[in-house]
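To start, the structure under review is shown below, and the notes come after it.
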Amino acid sequence: MELEKFINKIINGDCLEVLKAIPDCSIDAVITSPPYNMGRDYDVYNDNRDFDEYFNWLFQVLDELVRVLNQNRRLIINIQPVISKKIPTHHIISNYLLKKGLQFYTEIIWYKNNYKCVPFLGSQKHKSPYIKSNIEYILVFTKGDDKYIKDIDILEMSEFEYAKITTTFWNINPDTEMKKLKHPAKFPLEIPERLIKLFTYPDDIILDPFIGTGTTALACLKLKRRFIGIELSRNYCETANKLIENFIKQKSLF
C-alpha cells in the first residue's frame, strides 16, 4: 500500500502488520504512548502479559518505527515507569533504542498532579514504603543528526510558551475524558501539541501506532500536520473518527 493511502487515516488493525506496509524513511515523527503492561482494561488488547512476551512484542514494534522514521527525525514515546524485573520500563526502552543506533535527545518528566497519599500503616520498622508514581516519562530519540531543519519561517509559539515548554518538567493534568470515551489510558491533548510544535514543521507526517481515541490525530489537525494512526480496537477507531469529524465540522464554522 502506498503511503498516501495512509495519510490522515485511522487504520484499524494490528500495528505490527500495518507498519510493515509503510515505506522506509517516510515518517517525520513518531509520537506515541504504547500500552504499559499494567493490567489496564483495554477494549481488546491484553495489557497483562508475561515480561518477556511484552518486551519481545514491543521491541518488534520499535524495530518497525525505527525503520519507517526518516533521517534526522524524532521518535517520541510516552511511558510510565513500571518496574519489570527490578528495571524501570523506560530504562529498558531507552537501552534498546540506543542499541538500535538512535541518539538520545532528551527525557521529559510529565508530572500529572494526581498524587494521593498512600495509606499510613503505622510501623515503619522495615523501611520499605510503597512509593506512588505520579509521573510519566516522555523519551525523545533521534534517528541520525539531532538537527531537523526546513527552510520555513514559522511562528507557532509565543516567547512565553516557548520558555514554558522547553524544560524537562511538564506540569499537565491527566485527561478528564477517559471514562466518557471508555479508554483507560488517554493522554491529554496538550502533550502531543507541545511535542508537535517543538519537533515538527507544518505538513509533516506524524505517526502514532497506538492512537487510541485519536488524541495525536486531533493535535495534528489543529497544528496543520498530517497524521497516520493505527489502532487495534474497532470501537476506539470509531470514536477517534467521530472526534475528528466533529473537529473538522467545528473548524469549518469559523
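Just so it is clear, none of the values below were taken in a lab; they were calculated from the coordinates. From a predicted model like this one, the values you see are computed outputs, not experimental measurements. When we count neighbours, we look across all protein chains shown, and the Cβ atoms used for this are built from the backbone with ideal geometry, even at glycine.
Couple of notes before you dig in:
- Label point at LEU98 placed 7 Å out along Cα→Cβ; residues across segment 45-68 whose backbone nitrogen lies under 19 Å: 59, 62-63, 66
- Under 5 Å between amide hydrogens, built in the peptide plane, is the criterion, and for ILE230 it picks out ILE11, ASP208, PHE210, ILE211 among residues at least 5 positions away or on other chains.
- Label positions at ARG234 and GLU161, each projected 7 Å from the Cα along the C-beta direction, are separated by 3.9 nm.
- Cα convex hull, the chain: 153 Å³ per residue, rounded to a whole number.
- Cα→Cβ-extended label distance, 7 Å offset, between TYR45 and LYS86, nm: 2.9 nm
- Scaling against 2.2 N^0.38 Å puts the C-alpha radius of gyration of segment 133-232 at 1.14.
- Quotient of the Cα radius of gyration of segment 174-254 and 2.2 N^0.38 Å, N being its number of residues: 1.05.
- Of all beta bridges that DSSP places with both ends in the chain, some 50 percent have antiparallel geometry.
- Binned Cα-Cα distances of segment 1-80, short to long, each 10 Å bin given as a whole percent: 16, 48, 30, 6
- Members of LYS222/LYS251; LYS9/LYS180; LYS186/LYS242; LYS179/LYS242; LYS5/LYS249 lying beyond 19 Å, as alpha-carbon distances in this model show: LYS9/LYS180; LYS5/LYS249
- Amide H contacts under 5 Å for ALA29: ILE205, LEU207, restricted to partners 5 or more places along the chain or on a different chain, H placed in the peptide plane at 1.01 Å from N.
- Environment charge at ALA29 (Cβ cut-off 9 Å; Lys +1, Arg +1, Asp -1, Glu -1): +1
- Rg(Cα) / (2.2 N^0.38 Å) computed for segment 1-45, rounded to two decimals: 1.38
- Applied to segment 53-70, the Karplus parametrisation 6.51 cos²θ - 1.76 cosθ + 1.60 on θ = phi - 60° returns per-residue 3J(HN,Hα) values of 5, 4, 6, 4, 5, 5, 5, 5, 5, 4, 4, 5, 5, 5, 5, 7, 6, 6 Hz, with x for Gly and Pro.
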